[in-house]
């Protein structure tokens, strides 16, 4: 799952993909309709999905990407409720997904928004069953590769430019420039 270029825009429902960045706003594409539009930064606020997190009891937070991955992993044994389900059902579902979420800071409206975003990402096919795996080499292989890797060339030091001698300043004029 890659949520790097996704953004939530105030005043617009759902999630949007960033197409281009301008000085005075963003050009975004709706994930479902694929329509592009310009959103002015004077009128809208932007929340990149990679910066959104859910508060937890231990004064920390859980990234939304991990919450989505947990929802996807548990979708067969714990189906996602409708966003307009009763508040008690939504809270019970979220307790199964993220047992240590902060009940004082995370409101039912937040849970509804997370479920709507999840459904939109699932509908558009942006959710994948596998968690992103970063390729890491084994310790010995990584050390051997770094030994054999070409060393970056250092930039040649710049030659000092010859110093220019400054001209002496002329006499300083004082007083009136008018002649009598």
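Coordinate-derived values only; no laboratory data. Bear in mind the structure is a predicted one, so any value in this text is a computation, not a measurement. In this analysis, Cβ positions are derived from the backbone assuming ideal geometry, glycine residues included, and neighbour counts consider all displayed protein chains.
General observations
- Cα shape, the stretch 1-119, gyration tensor, a/c 1.5 rule: prolate
- Estimated FRET transfer efficiency when R0 is 30 angstrom, pair residue 92-residue 21 (beta carbons, to 0.05): 0.15
- Computed lengthening from residue 60 to residue 75, 0.36 nm per intervening residue step minus Cα-Cα distance: 2.9 nm
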